[in-house]
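The values are calculated or read from the model by the stated rules, or taken from the named source; none is laboratory data. Small disclaimer: the values here were computed from a predicted structure and weren't measured. We place every Cβ from the backbone using ideal geometry, glycine too, and count neighbours over all the protein chains shown. Heads up: the accessible areas ignore ligands, DNA and RNA and are worked out on the full protein's heavy atoms, side chains in. Shrake-Rupley method; radii C 1.70, N 1.55, O 1.52, S 1.80 Å.
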Amino acid sequence: MSKCASGQYIISLLEGFAPKKMAVEGDPIGLQVGSLNKPIKKVMIALDVLESVVDEAIEGKVDLIIAHHPLLYRPLKKIDISTSKGKVIEKLIKNDITVYAAHTNLDVTRLGVNEWLADQLQLMSTEVLSTTYEDQLVKLSVFVPRTHEEQVRLAIGNAGAGHIGNYSHCSFSSDGTGTFTPLEGTSPFIGKEGRLEKVEEVKIESIMPQSLQKAVVSAMRKAHPYEEVAFDLYPLLNKGEELGIGKIGKLPEEMNLQEFVDHVKNAFGISSLRVIKGKKSMIRKVAVVGGDGNKYIYPALHKGADVLVTGDIYYHNAHDAQEEGLTIVDAGHHIEQIMKRKLKELLEQKIDANKYETEVVESNIITDPFTFM
């Protein structure tokens, strides 16, 4: 008998990767229409929730749309089904399709939208362009019988604990003796009810960002043989990872402007874009911001970018950038569609690992409103 994941479970996977607290203040993320308290046979990943996208979801028997751009970006005073927005909401409700938005939290999170864009541009040694959030570090200490030491160590490492710089699965172990008495009604892995037991155990210690705490603890519990797991979590004063909007890094090789423009077109599969020419003839250091990049002209300049790749640059801001000498490549807001494939792959991997038969698909509707004529 097939088993579908619940809406709450799927969103817990998403929020484990891109927690709501990472979103920019005021961003209307989260549940927008419908309910998550239902089994989900099919999830569709979309950039925008337009009527054509909803029609696609209805035809494909989709239960949940996860969109990058919120459907309800501005508050509604009424739902008038004679308007385009009202029609969309009516169709969603009548066809029991839930809509959930993951916007700036998906931009800010590590390996999120801006990292995917930077990877597509082949940028190396990337760092955050504009810091908006610091992920506090937490130390996990868990006591494990020696027989299951490596099993638990690998599980927490695979879930993200122990990442220090360019090293993964970092941990420390110390030996000791665990004591416990199983009480009435327990089903102990080791020992017998009512008798004090002594077990050779290993204490495994590892650090993790707080955003991964839930996933790491869950993985640890699944790998641990004990009915009741003994573990501790400590908040640390060590500086955590800085996260934020945009990435900045270097191209493998220096390019002139025309070469770089062709590189951007090839990277994102677009035929045209807008360019604000700065003062530098050669390009090596590149800043990239998915979506509206108007606020990030000066952070890009401050960090020494030769060019800023983004979308939706305003006329007067373009003048400001040009006067400051910064080249801008406005590739359009729609390049963020890369999130459809990347988020689909991420969710599929986690859903399949838990043996759910929930299908994840990409929306095939092109929602870019601009046509160059």
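Observations, loosely collected:
- Region 154-173, residues that are farther than 15 Å from Asp232 by Cα and touching a residue at least 12 places away in the same chain (Cβ under 8 Å): Leu154, Ala155, Gly157, Asn158, Ala159, Gly160, Gly162, His163, Ile164, His169, Cys170
- Residue identified as open to solvent by less than 80 Å² (accessible area, probe 1.4 Å) and either within 17 Å of Ile245 (Cβ to Cβ) or modelled with pLDDT of 95 or more (or both) among Lys340, Lys295: Lys340
- Every residue from region 191-232 that is aromatic (Phe, Trp, Tyr) and in a strand (DSSP E or B): Phe231
- Lone unmet requirement of (1) of a type outside the set (A, V, I, L, M, F, W, C); (2) assigned to a helix (DSSP H, G or I); (3) touching a Leu at 6+ places or on another chain (Cβ under 7 Å) for Lys139: (2)
- Restricting region 239-258 to residues that are in contact with a Ser or Thr (Cβ under 7 Å, 6 or more places away or on another chain), touching a residue at least 60 places away in the same chain (Cβ under 8 Å) and surrounded by fewer than 18 Cβ atoms within 10 Å (Cβ to Cβ) leaves a set whose member that is nearest to Gly311 (Cα to Cα) is Lys250.
- Any chance Ser206 is at pLDDT 95 or above, open to solvent by less than 30 Å² (accessible area, probe 1.4 Å), among the polar types (S, T, N, Q) and more than 25 Å from Leu347 (Cα to Cα): yes
- Selected residue (criterion: most open to solvent (accessible area, probe 1.4 Å)) from residues of region 265-292 that are hydroxyl-bearing (Ser, Thr, Tyr) and out of contact with any strand residue (DSSP E or B) (no Cβ under 8 Å at 6 or more places or on another chain): Ser271
- Highlighted here would be strands (runs of 3 or more DSSP E) found entirely within region 1-115 that include at least 3 residues which are at pLDDT below 95 and open to solvent by 50 Å² or more (accessible area, probe 1.4 Å), but there are none.
- Condition check for Ala161: under 30 Å from Glu25 (Cβ atoms) and either crowded, with 18+ Cβ neighbours inside 10 Å or out of contact with any Asp or Glu (no Cβ under 6 Å at 6 or more places or on another chain) (or both): yes
- Any chance Ser173 is touching a strand residue (DSSP E or B) at 6+ places or on another chain (Cβ under 9 Å), of a type in the set (Gly, Ala, Ser), closer than 30 Å to Val261 by Cα and surrounded by fewer than 21 Cβ atoms within 10 Å (Cβ to Cβ): no
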